[in-house]
Structures are given as C-alpha cells and as structure tokens.
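Encoded as structure tokens, the structure appears first; notes follow it.
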Amino acid sequence: MSDPSASQAPASAEGARSEPQAREVQDWDLTPYFPAFDGAEYRAFRDALEGDAAALAAVFQGLGPLGAASADGWREALLRLEDAVGRAAHLGSYLGCLSAADARDTRVQREVARLAGLRAQLAQRYARARAALAAASDAEFERWLADPALSHARYFLSRLRAEAAQRMPAELEELAAELEVTGLAAWSRLYDQVSGTLAFELSLPGEPARRVPISQTRTLLGDARSEVRRATLRGANHAWEAQAEVVAACWNAIAGTRLALCRRRGVHFLEPALFDAGITRATLDAMLQAVAERRELPRRYLRRKAQLLGRERLGFQDLEAPLPEAPAPRVSFDDARQRVLAAFAAHDPGLAEFAAGAFARRWIDWSPRPGKRPGGFCSTSPLLGESRIFMTFGGSAGDVSTLAHELGHAWHGHLTRALRPWARRYPMTLAETASTFAEQIAHDAVLSDPNAGAAARLAVLDRRLRDAAAFLLNLPMRFDFERGVYEERAGGELPPAQLCERMREAQRSWYGDALADDELDPWFWASKLHFYIAGLSFYNFPYTFGYLFSLGLFERAKAEGPAFRPRVEELLRLAGSDTAPALARRCLGVDLEQPAFWHASIDSVAADLTRFEAECGAASGRDAAGPAR
C-alpha cells in the first residue's frame, strides 16, 4: 500500500476539475447504490424522489388538525414522508461517499447542493407535522399512535411532538428550512470543498519539499520522527492560515445562523444539541463533572509520554506520537484487516463474520489520494442495509484503531438493518458507543494475548491512553471552545486571530502544564471539520459520552462473558427507541445522571495508566510510578 511518510510522495491536491479520474481507483464498491454516478438508474431514482417530495407539499397542506376525522390522512402522509426520508438518506449516503472521496469533483458537488434543496423540502414537511402533533391533545395523540402501522415510529413521533417546544411556528420553520440550502448547508459545503482541495508543503531537513493533501495530516502526526510531526503541523497550519478568512467566514456564518434561530425559537444554543444527542442536561453535567475531576489522569500520561520522548513537555504535534522504545512498524491494509478480524473473532464470531463480509464486499475506501477529504466516517443506506467506510489509511496503529472504530459503526447499522427508517434514527451518543466498543475489542485482543511481546503490549496501552487523552481532554476542550465562541458570537463576528486565541485558551485550560505553551495548535478550530457540520452543533461531547459509555459496557462484557453479548446487541438495536439515559436504565440498570457511572468508566483508564507505567518501568529498569488516582 502507499505510505505517505515513506518514499512515495502524493501529488498536489490543488485545482478543480469536472471529470475526475480518481474515482477509478477508489477502493470501495458503490455500485449497489447505483451502477454509475449520474447514470440512468441514478437519475430515475433522484427524479422520482424529487417528484414525490414535491407532491407531499400538497398532501400536507390539505390536512387539517390531527383528529379522528383526519387520523387516516395524517397516517398516510407521515408514512409517505418516512419513505421519502429513507430514500433521501440512501441518496445522501451515496453522494456523501463520492464527495468525500474526491472533493474536487464539481459534478458531485452540484448533486450534493441539489440534495440539500430536496432535504429542505422534507424539513418543511416535518415542520408542518411537528406543529400538528404538538397541537393535538394527549389523548388524541395516544389514540392515533395506537395505529399498528405507526407502532415502529412511536418514539420518533413523540420526540417530533416534544421538539415543537423548541421551534418557531410552522410557517417560519418552513422558511428556515428553505433558507438553509443557501445558508448553513452552503457554508458547510464550502468548508468541505476548501478542506478537500487543500494541500500543504512538507519541508524536512535534507529532503526536497513535497506537496501533501491535508487529509494526510493525521497520519503524518503519528510518525515516529519528531521532525516530521513538527513540520506537518507547521505546514498544515500555514495552509489553513492562508484560508483563514474563508474558514472564519464559514464558522461565523454557521454559528450566527444557529444563534439567530435559537433566539427566535426561544431556546439556549445548547438545548438543540442535547435534544439531538438524546440526553438531559443533568447527564451532560454529570459526565463533564467526572471528566473534570479526573483530568489529571490523562495529563499524567502525557507528562510520562514527554519523558519517554526526551522532552520536558509535549507539543500539540506530539499527541499521536508513537513510543520511542518500540516504534510500531507501518502495517499494510491487509495486515490491519487480519488483526481486526482476529480480535473480533475472539470476542464475537458473529461480529467477525460481519466484518469479513464488509471487507469482501469492498465497503471501505482507505487509500491515501489527492482530493480526499480529511477525517473518517461510516455511512449507512437504510434501503440497502449496507454501510460504507471512509478513511485514509497510512499504516499507523491509530489507523488500525480507526478501521475497527468505523467497522463498529457498520456493525450497529447491520444490527438495525431490519428496522424502518424512523426506528433507525439513533442519537450520536449511542452511535459512538458501538464504534468505541469495537476499538476496545481490538485493543484488548493484544493485551490479553499471552504470546504478545512487551513492546506490543506497551504500544496498545499507549494507544488506549492516547485515546483517553483525546476523549477526556481534547473533546471537552472542543466543547468549551465551541460554547465560548457561541457566547462571544452573539455580540458580533470573531476574526481569525480571536478564534486562534480562544483555541489557545481552551487548550491551556484542559491540558494544563502537560503541553508546552509555545507548542499549542491555535489553528485547530480551522482544521477540525466537526465544527462545520450543518446538521449538528456541538459535535464533540457525544464522543466522550460514547467513549465512557462503551468502556462501562466493555468492562461488563469482560466480566460476564458471552452471556452479556445479547444485552449489548439489544441496546444497540433499541438505540432509536428511547433516550440514552432511559436505555441505560432499561438495559444495564445504571443511572447516567449521576457521576458514579462515569467515574467507574474512568477507573478503567486509571488501570491502563498503572499498567502502562509498570510496563515502562520494567522496560527501563526503573520503578513504576505511583497510584493512578
């Protein structure tokens, strides 16, 4: 496979084109979606969906208030809407895959923009339905939900009704949905295009400078050589700085639009994120309280890591650095596949069989290429019951973890494949549970292997503690940064310099003295695409939730063995049927609104740190460090 840190230099990612050639070398097979992009089958599907979405406007306009006389009409209208939403998700999954794989393809970008218009029409139908459901009496609503045809959608429709309290009148919500196409969604698309075509110059001593796609930044920051890491962050940030005004405009426009809508809806800007995440404010506060109280734990790991790297303090570019004693060799994608499958098989043969099928059916686009968007994701089509995984694999241990992570998402989609579209709509908090659980399986396979050498164990412990530092420091840092910027944005736009300073402040607050103050990353706000997703704000705390929730699940799974497996799968299947705290009570008997559960999950991080320090001490002949808490 291509190794971006070795001799093969990626070509420049600059320039735009309308007839991409990179699609010919994409790793995944998208033909189950459509035989060809913009072919006859694709156009027929798109045109039929657009026609049905337009026809729904007249259907919803013709419906009166929800009552006995109109119950049948509302049922049929909502079932037609659900069908259209499922088909739009199928189309969106396909176009999302294509646009991420080559952000330079202007034909795909035009279709993405066209889909945004279609989704705006469906959002307008939701606005009409939301208002009607909210206006119905409790008794009438319950009688209507008793219809067997709607039994699968009880939770979704109840949430839709409850959401009306956070919304404007239907006419204004329909206008907001229409304007989103040229507002929020347009700014988000602009960011995707900028990030997908961006490249930076990697300049290393004694080597000719080369252009590197920005999507390979993460892999290069995991290089064993400090000079590569330092040059990567410096070069990437120079590239982002050159786009500072454009990216800041995207940030300000997205945040400003959300704030304006929240003012008109009469809600705090955090409330929609909590609602979308399916958690209460008490749950978020309990989790963040536990994380803040234990943040010295990941800081202590970073200080120890700095010693191992021969530094007084780490720089931001060193957060993904491998251990110097045993730098993990680059692995091929085939080796990574075998490792992940073996780990899954030892835990759950059914999971391994599913993952093997994902590889065999070419669900994964992994090759480093110019034009690929940064990051990774798993996208599932509700029509196919299949997923596709997008990532840039560079052969690092982190890339192997990402592969297991995204396969966990695909596994979650597989478990819900028989459900109707609205029953499959689970919040990000629970979506991140299956993926992180799968990562834990891959890590634990090495730690529990009696044939694994000390270097392998130490590398996995380091990987787990790097993840802990990310979820317990980096993600809360992002949350505090985003919350602070929203508070300031209410008073006016923030220029790039101010965003950079707010990012430094957030990093100092969470990392403390574990990072060198002159080696922070002020441009993190520009490079992190999570801040620019139109459909979701605060795309950060759900990751910490999913991480800690999955740690708790995994500890239970290890303690109870195969008998616990059905309970995990039941929770994942039910993820779209209730809030996360309610499902935790029902399936696990735990209270997420109290810090105790979150502390218990963090205790497993403390155990990893104790073992890591002991392994380091054994390797160096020094005594292990003190207690982990």
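Throughout, read-outs are computed from the coordinates displayed, never taken from laboratory work. Since the structure is predicted, the reported quantities are computational estimates derived from the model, not experimental observations. Virtual Cβ from ideal backbone geometry, glycine too; neighbours counted across all protein chains shown.
At a glance:
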item: Computed over segment 22-182, the ratio Rg/Rh where both radii use C-alpha atoms and Rh is Kirkwood; result: 1.04
item: Rounded tilt (10° steps) of 71-101 against the dominant C-alpha axis of the chain; result: 30 degrees
item: Largest-first principal axis extents, alpha carbons of segment 417-517, Å; result: 58, 49, 16
item: Cα-based helix-to-principal-axis angle, 106-135 vs the chain, degrees rounded to 10; result: 60 degrees
item: Reachable lysines, given that their alpha-carbon falls under 23 Å from the alpha-carbon of Lys528 and they are not under 8 places away in the same chain; result: Lys372
item: Dipole-positive endmost among Ala242, Leu198, Met477 within the chain (Cβ charges, Cα centre); result: Met477
item: Whole-Å distance, taken between Cα centres, linking segment 366-435 and segment 75-145; result: 21 Å
item: Along principal axes, Cα extents of segment 114-218, largest first, whole Å; result: 76, 28, 23
item: Cα Rg, Dmax (largest Cα-Cα span) when computed across segment 282-353, Å; result: 18.1, 46
item: Virtual spin-label span in nm between Gln61 and Glu312, 7 Å along Cα→Cβ; result: 7.1 nm
item: Largest-first principal axis extents of the Cα set of the chain (Å); result: 81, 54, 52
item: Relative contact order computed over the chain (Cα-Cα under 8 Å; 6+ residues apart), in percent; result: 19 percent
item: The chain, helix-only ellipticity at 222 nm - DSSP H runs n ≥ 4, -39,500 (n - 2.57), divided by all residues, nearest 500; result: -20000 deg cm²/dmol
item: Alpha-carbon centroid distance for the pair segment 460-528 / segment 566-594, whole angstrom; result: 31 Å
item: At 1.306 mPa s and 10 °C, Stokes diffusion of segment 548-594 via Kirkwood alpha-carbon radius, µm² per second; result: 146 µm²/s
